[in-house]
Amino acid sequence: MKRYLMTPGPTPIPEKITLSMAMPIIHHRTDEFKGIFKETVDLAKEVMQTKNDVIIFASSGSGAMEAAVSNVLNKGDKAITVNAGKFGERWGKIVKAFGAEAIELTYEYGDYAKVEDIEKSIKNSKNVKAVYIQASETSTGTFHPIDEIGLMLKKKYPEVVFVVDGITAYGAIDVKTDDWNIDIGITGSQKALMLPPGLALLSVSEKAKNVISKNKNNYFYFDILGEIGAKAGKFTPAVSLVIGLNASLKMILDEGLDNVFKRHEILAKATREAVIALGLELLSKRPANSLTAIKSPLNISSTNIILKMKEYGVDISNGQGYLNGKIFRIAHLGYFYKPDILMCISVLEMVLKKMGYSANFGEGIKRAMGILLDE
Ligand SMILES: Cc1ncc(COP(=O)(O)O)c(C=O)c1O
């Protein structure tokens, strides 16, 4: 059966990228690889819209999250963590794991962080060293107002290190690392970068580097300054994935960042409006353009919708935590185009009808076609 992967990571991989990784492996301490590595880092800076250093870990995205905590916070330091979903919750867990104090700002799943809450929390807590947040909270499909938060920090608390997990944002949504004052920006390979899992990227500002240089916490492999100082990774880099990353970043830049963001915006709009036309409800109050989280209609478990979609070869994602069975998530980040959305919406409509939800049958695909025809 033909498979259609519409999950928020891993995401489909373009043939060109797969082929680039199929070449015979080369040694990582050669000039050839050092050249590829340096070029890849430079391309990553362009995609992440930063002049800061960018490092690449051979790990999943959570490795970079861990590095951004262990390298920045000492035991006993205070940090604000925004918990508006499963990945925000992870920030709190990592901060605590390294003996620091997580001041958790908790929001209902689907809600987004408010700049004034963060400002108030820093003011009330005193000596906050860092703020940890997601750009796009993948468990709820929500985009936090990173621009507003970054600007507030720059104006009022310039000493606070601003750490943004942009794992389902970079390469899909316009995240301006430098303009938005992001000290540490994080992404992972298996999302909008259209690669297999296994790489985590991290941008580091001069301010963050200065804070890290005074750090006394324990870490070994996830050594940010050590990686910056190394020519092509401090340890053996994931050679083939780095070569794939080089191809992926070139694909993104060849299309043009603005075009890439626009494509994601249109696909997200078509998905959102199609499900609304079907009479379904979005989970998020501030939806991200990288994925759409949809509430399951009354009495139908989203787990069953997902299983039925799978019978057609279409893989979408369930809700996480207490949202399991209650929502389903359709991803449109990375290697996605208009026909992918049309396919997914029509299969969803057929599945819902078979399950007894026949309200507005045909209206979703009609709405999606209308949007995609115009844009
Ligand atoms: C926003 C966000 N943060 C962190 C992670 C964790 O990344 P990984 O599973 O690569 O460790 C994910 C993965 O889905 C994510 O979407």
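Every number in this text was worked out from the coordinates using simple rules, so none of it is lab data. None of these values were measured; they are calculated from a predicted model. With ideal geometry, Cβ positions are generated from the backbone for all residues, glycine too; neighbour counts draw on all protein chains shown.
Numerical summary
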| item | result |
| --- | --- |
| Computed magnitude of the charge dipole of segment 15-255 (debye, nearest 20; Cβ of K, R +1, Cβ of D, E -1) | 840 |
| Helix-only mean residue ellipticity at 222 nm for the chain, each DSSP H run of n ≥ 4 adding -39500 (n - 2.57), per residue, nearest 500 | -13000 deg cm²/dmol |
| As computed over segment 1-129, the Cα convex hull volume per residue (Å³) | 182 |
| Which listed pairs, of LYS93/LYS269; LYS262/LYS295; LYS16/LYS51; LYS120/LYS285; LYS285/LYS354, have C-alpha distances above 24 Å, in listed order | LYS93/LYS269; LYS262/LYS295; LYS16/LYS51; LYS285/LYS354 |
| With Cα atoms, 0 to 90° folded angle of helix 302-311 axis to the chain main axis | 80 |
| Segment 60-169 - Rg over Rh from alpha carbon coordinates, Kirkwood radius | 0.92 |
| Among beta bridges that DSSP assigns inside the chain, antiparallel share in %, nearest 5 | 50 |
| Kirkwood-based Rg to Rh ratio, segment 210-334, C-alpha trace | 1.13 |
| The chain: most fluctuating residue of LEU151, LEU225, LEU298 per GNM, C-alpha cutoff 10 Å | LEU298 |
| Percent of Cα-Cα distances greater than 12 Å, calculated over segment 295-336 | 58 |
| Mean projected area in nm² (Cα convex hull; one quarter of hull surface) for the chain | 18.1 |
| Over segment 139-226: Rg over Rh, Cα atoms, Kirkwood Rh | 0.99 |
| Gaussian network model of the chain, Cα within-10 Å springs - most flexible of GLU119, GLU15, GLU46 | GLU15 |
